[in-house]
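As structure tokens, the structure follows; a few thoughts come after it.
Read the figures in this text as sums done on the coordinates, not as results from a lab. Worth saying up front: this structure is predicted, and the values here are computed from it rather than measured. Because the Cβ atoms are built from the backbone with ideal geometry, glycine has one as well, and the counts that use them run over all protein chains shown.
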Amino acid sequence: MSRIFEITEQLLTYAPKADIDRVNRAYVFAAHAHAGQTRISGDPYITHPLAVAAILASLGMDESTLITGLLHDTVEDTDVTLDDVAHHFGEDIANLVDGVTKIGKIQFHSKEHKQAENFRKMLLATAKDPRVLIVKLADRLHNMRTLGYMRPEKQRLIGEETLHIYAPLAHRLGIHWIKQEMEDLVFSFLEPEAHRALLSKLEGRLNDLNQTRARLEGLIQEALQRKGLHASVQGRMKHLYSIHEKMQRKHVNFDEIFDLLAFRVIVDDMATCYQALGIIHSLYRPVPGRFKDYIALPKPNGYQSLHTTVIGPENFRIEVQIRTEAMHAYAEDGVAAHWAYKDGQGENPENYQWLKQLTELLHETENPAEFLESIRLDLFVQEVYVFSRDGDIFPLPRGARPLDFAYEVHTDIGHHCIGVRINGEVSDFSTRLRNGDQIEIMTSPDQSPSRQWLQYVKTPKARQAIRQWFRRQQRETTIQLGERLLRDTIGKKEVKAQTLKRLHCSDQEDLKSKLGRGDIAIGQLLEATEQESALPLKLAGLSRTMMHPASCCHPIPGDRVVGRFHATNGIELHHRKCSHVLDLADRDLIEVDWQPKPGQTFRTGIEVRAQNRRGMLAQVTRNIATANAGIEDLKLQQRSGRMTELNFLVEVEDRVHLAQVIRAIRLIDGVARVTRHNQPVSFPGKQVTRQIGETLRDFFSRKQGGKR
Ligand code: MN
């Protein structure tokens, strides 16, 4: 059990000028506030804040953080108010305690939706001061250490939350030992049998491993000394959970895990790190692909080290990490190392880069489910580092692709990206970026995002930017459409306030967007405005994004058409007899008077029954071309030995034009029937017909000199 004088003594070792009196007062204040309360273990409650403060002292945290540790549960669990804390210890401490209290109120283990929202609040509430997160980690670590007193279902909830939220958070903050201890504790509570089994196996080999460890420590140390390097070499066992995870991931037994040992070589300066690496590689054969230089390219949490894996004696794979003393301190305690007491030194804002990125993202997020997806990603994936053309380094998650990079540079660069050069070579959007790639993004002002891009992005930032672009686009479309409908039905751009109220709309824009989405039917609008009948919607000037002929029945101007509201992108025009609209209620449909701009062309299907003889296909296509229509697609089906059925998708201006095309085909000798094809076409043996269509298209582009 921790005692307050031990904590203050430790504080004095690294912060000689600390105000011990103030820490003691915080202890008395907390003890007084929690008087009479007990932990589930039966211990007096004050043992918990004391233990938290002790963990913080072991991280070398400053006086304020220790005081926050002592007070962290007072506001939540006792009569003490934030004002009391501010009064006795100042605003700074009150803010920190408030931050920890807010996180304490967050429940992660509800539904996923809720989880994300809460996590978001947590980060927003705390990102201002990372010390809050460090106190929370210490709090959670102690709660995990005493989890055995909880009921099993509570253990599971807290354990899972720790594994999914706090251990990754500790990792991201670079506090490695907290991450490892949390993982091992979760492992012991959630999978007690596997944990016990692994532990007993490990115990069986412990002597063996310890001997190997000592021997290797000696060997490496000696080799370095021979070359005149001063270094300390420490071997250690991997932590249980990482062994367990590896066994699961690789589906292997304990006996098949060869890299149970890891070694750390700590040297005086950076240059010596590389020298030591060279010596170790000359001593033992390095495993290809396992060398990583985190000194030249630090991890985003600030971690620096050289990593390598070598084949040691008896084919033992050993991991070796080489670093300086300063890098080591940072590797152990991470961000906390920067918050540790240092005379007259402030924080280094660069270490909070990832936190800043997360909070930026939070402000742009509307959809919590999307956010959870983003956050999980952000906490778990490793990074790749790529260079911009100017040589700036960009960290991206592993698996990131060119569009991720483009959006990372700037949202507008992303939106207008038309291509990419990787290391000088033109590459496509699906290429995965590798460490050290140099990326050059080509842009065009005419380019805009496509939905397919969502398949090629990995970063939450890019995904959000693209989704947001589409959301904005859709919104504009529906509002424009709604405005159009309003004008065409009641002849005005706005309605009276009472009409809005009758239709349950908050304002004019709300009404327009509901009309545009089809949530309010034309009939309802007429009723609310007490008008009799609506003129059909005139469709001449509508943009393609608002109105598009349906691809099932392929209507063309002159046909009797009806509009159908599409959930997200405007109105689909259907042939009045199309089976897709026959059964729909009136409110989902809209009367349309379709008069396109001259020169616009539309696709429609025609079916030709003709004698199956040589040259027939060529002649039909030639006559279609002569009638100035384009051919978009062709499907072919053998009816009987004598007759063939050809299905064309042709591009025409309207019904009159289509009639000319049909007449032109009928002129051919051997054509039995030409009809319009208004229903979806599907054939067995698609493969064959597609091939023919392809060939035909080739033939056409040659013939017409690329007219189409
Ligand atoms: Mn607590």
If you count, for each residue, the other Cβ atoms within 10 Å and average over each peptide, how do 518-526, 197-205, 15-23 line up from highest to lowest? 518-526, 15-23, 197-205
Each label point is 7 Å from the Cα along the Cα-to-Cβ direction; what then is the distance between the points at Glu193 and Arg663, in nm? 8.4 nm
Spelling it out for Gly235: with amide H atoms placed in the peptide plane at 1.01 Å from N, the residues 5 or more places away or on another chain with amide H under 5 Å from its amide H are Arg264
Of Lys461/Lys514; Lys201/Lys246; Lys501/Lys577; Lys102/Lys299; Lys227/Lys292; Lys458/Lys635, which sit over 27 Å apart, Cα to Cα? Lys461/Lys514; Lys501/Lys577; Lys102/Lys299; Lys458/Lys635
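What full-extension length gain, to one decimal in nm, is calculated for Ser448 and Arg434 as 0.36 nm per residue of separation minus the Cα-Cα distance?
Stretched out fully, the Ser448 to Arg434 stretch lengthens by 2.4 nm.
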Scan around Asp62 for amide H atoms under 5 Å from its own, H built in the peptide plane at 1.01 Å from N, and keep only partners 5 or more places away or cross-chain. Tyr341
Sorted by chain and number, the residues with a modelled amide H under 5 Å from that of Ala400, at a separation of 5 or more or across chains, are Leu433
Simple SL model, points at 7 angstrom along Cα→Cβ for Arg215 and Ile257; separation in nm is 2.1 nm
Phi angles of segment 463-477, converted by Karplus (6.51 cos²θ - 1.76 cosθ + 1.60, θ = phi - 60°) into ³J(HN,Hα) in whole Hz with x for Gly and Pro, give 4, 5, 4, 5, 4, 5, 4, 5, 4, 5, 4, 4, 4, 4, 4
Which order, highest average first, do 496-509, 76-89 follow once you tally other Cβ atoms within 10 Å for each residue and take the mean per peptide? 76-89, 496-509
I need the calculated FRET efficiency for the pair His548 and Glu332, taking r as the beta carbon distance and R₀ as 51 Å, to the nearest 0.05. 0.25
Mind ranking 263-269, 607-613 by how tightly packed they are, going by the mean number of other C-beta atoms within 10 angstrom, highest first? 263-269, 607-613
When the Karplus curve 6.51 cos²θ - 1.76 cosθ + 1.60 is applied with θ = phi - 60°, which whole-Hz ³J(HN,Hα) does each residue of segment 551-560 get, with x for Gly and Pro? 8, 7, 10, 6, x, 10, x, x, 6, 7
Express in whole angstrom the spacing between the alpha-carbon centres of segment 65-84 and segment 207-242. 45 Å
Backbone HN-Hα couplings from phi across segment 82-87 [Karplus 6.51/-1.76/1.60, Hz, Gly and Pro as x]: 4, 4, 4, 4, 4, 4
If you take the beta carbon distance between Lys154 and Gln234 as r and set R0 to 35 Å, what does 1/(1 + (r/R0)^6) give as a FRET efficiency, to the nearest 0.05? 0.40
Which of the three applies to segment 382-458, rounded, prolate or oblate, going by the alpha-carbon gyration tensor with a ≥ b ≥ c and a/c under 1.5 meaning rounded? prolate
